[in-house]
Amino acid sequence: MRARDKVAVSALRATLAALDNAEAVPVGEAELRGTALEESPVGVGVAEAQRRELSERSVADIVRAEATERLEAADQLTAPGHADRAAQLRAEAAVLLRFLEDPGAG
């Protein structure tokens, strides 16, 4: 696998995880307590929670936040020993920003 592909894969995996987390519905305190075992629903899919559907703007905001987070982290890595990691973070941010500029990129 080429180095550029590894950078893109790393950035995209983390961003997809952030998007997945944003789609999750918060669990209320009452839902945490649950019910008695004998009152539990049974069957395929009964434990599945409805996911939020993110708007295109929300997705873009999350992608932008992920890119910004990487750029800020890279700026904090000033020691010479961290130059490779800072470069990787900047490259990951560039991949994400490219998707914002051209959603069909990739």
When Arg52 is run through (1) open to solvent by less than 100 Å² (accessible area, probe 1.4 Å); (2) modelled with pLDDT of 80 or more, the failure sits at (1)
In the range 3-35, residue modelled with the highest pLDDT [restricted to those that are more than 20 Å from Ala65 (Cβ to Cβ) and either of a type in the set (D, E, K, R) or open to solvent by less than 60 Å² (accessible area, probe 1.4 Å) (or both)] = Lys6
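Yes/no per residue for (1) in contact with a helix residue (DSSP H, G or I) (Cβ under 9 Å, 6 or more places away or on another chain); (2) at pLDDT 95 or above; (3) loosely packed, with under 14 Cβ neighbours inside 10 Å; (4) part of a loop (DSSP other than H, G, I, E, B):
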position: Ile62; (1), (2), (3), (4): yes, yes, no, no
position: Thr68; (1), (2), (3), (4): yes, yes, yes, no
position: Thr78; (1), (2), (3), (4): yes, no, yes, yes
position: Ala83; (1), (2), (3), (4): no, no, yes, no
position: Arg90; (1), (2), (3), (4): yes, yes, no, no
position: Ala105; (1), (2), (3), (4): yes, no, yes, yes
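The values are calculated or read from the model by the stated rules, or taken from the named source; none is laboratory data. Computed from a predicted structure; not experimentally measured. Because the Cβ atoms are built from the backbone with ideal geometry, glycine has one as well, and the counts that use them run over all protein chains shown. Areas reflect the complete protein model, heavy atoms only, side chains present, ligands, DNA and RNA absent. Shrake-Rupley method; radii C 1.70, N 1.55, O 1.52, S 1.80 Å.
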